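Okay, structure first, notes after.
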Amino acid sequence: MYVTGGAAWTNASDTTTVTTGLGTATLVSLNDTRAGWTLGGGVEAALTRNWSWKLEYLHIRTEGWGGTAAIAAPFGGTVTESATIRNNIVRAGLNYRF
């Protein structure tokens, strides 16, 4: 068994649009890379002298996504979007040792 952790980088994009009787407009469009962290653990066991299997779980989290845009007339105002990126990854593997 083992525990792993460290830095993570995520790249995500998101677009917020609004549709009214007057048409459709893009309010906020985000595309950015952010640093975050990852933490997880796993297990690895031998099958034979050279072969082993593994099962691993990782949780990745990146915060600080967001943007603000003005809403055009005749409605007026602003729209603000913020997000935290969370991702859960499960990996299974087969290893061969030379």
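Residue-by-condition table, conditions (1) without any contact (Cβ under 8 Å) to a residue 60 or more places away in the chain; (2) touching a strand residue (DSSP E or B) at 6+ places or on another chain (Cβ under 6 Å); (3) small (Gly, Ala, Ser):
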position: Thr26; (1), (2), (3): yes, yes, no
position: Gly36; (1), (2), (3): yes, yes, yes
position: Glu44; (1), (2), (3): yes, yes, no
position: Lys54; (1), (2), (3): yes, yes, no
position: Arg61; (1), (2), (3): yes, yes, no
position: Ala69; (1), (2), (3): yes, yes, yes
position: Val79; (1), (2), (3): no, yes, no
position: Asn87; (1), (2), (3): no, yes, no
position: Ala92; (1), (2), (3): yes, yes, yes
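Counting only residues that are hydrophobic (A, V, I, L, M, F, W, C), in a strand (DSSP E or B) and more than 29 Å from Glu81 (Cα to Cα), how many does the range 1-50 have?
Just the residues of the range 1-50 that are hydrophobic (A, V, I, L, M, F, W, C), to begin with: 1, 3, 7-9, 12, 18, 22, 25, 27-28, 30, 35, 37, 39, 43, 45-47.
Among the residues that remain, those that are also in a strand (DSSP E or B) are: 3, 7-9, 12, 18, 25, 27-28, 30, 35, 37, 39, 43, 45-46.
Now narrow it down to the ones that are more than 29 Å from Glu81 (Cα to Cα): 3, 43, 45-46.
The total comes to 4.
On inspection, Asn11 does not qualify as touching a His at 6+ places or on another chain (Cβ under 8 Å) and modelled with pLDDT under 95. From the list Gly77, Gly93, which residue is touching an Asp or Glu at 6+ places or on another chain (Cβ under 8 Å) and farther than 22 Å from Asn31 by Cα? The match here is Gly93.
Residue under question is Leu58, and the condition is that it be surrounded by 12 or more Cβ atoms within 10 Å (Cβ to Cβ), among the aliphatic types (A, V, I, L, M) and out of contact with any helix residue (DSSP H, G or I) (no Cβ under 8 Å at 6 or more places or on another chain); does it hold? For Leu58, the condition - surrounded by 12 or more Cβ atoms within 10 Å (Cβ to Cβ), among the aliphatic types (A, V, I, L, M) and out of contact with any helix residue (DSSP H, G or I) (no Cβ under 8 Å at 6 or more places or on another chain) - is met. Filtering the range 30-62 to residues that are touching an Asp or Glu at 6+ places or on another chain (Cβ under 9 Å) and not hydrophobic (A, V, I, L, M, F, W, C) leaves Asn31, Arg34, Gly36, Gly40, Gly41, Gly42, Glu44, Ser52, Lys54, Glu56. Candidates are the residues of the range 80-95 that are of a type outside the set (Ser, Thr, Tyr) and under 24 Å from Thr17 (Cα atoms); the one that is surrounded by the fewest Cβ atoms within 10 Å (Cβ to Cβ) is Arg86.
The values are calculated or read from the model by the stated rules, or taken from the named source; none is laboratory data. All of these numbers come straight from a predicted model, not from anything done at the bench. Quick reminder, even Gly has a Cβ in these numbers, built from the backbone with ideal geometry, and neighbours come from all protein chains shown.
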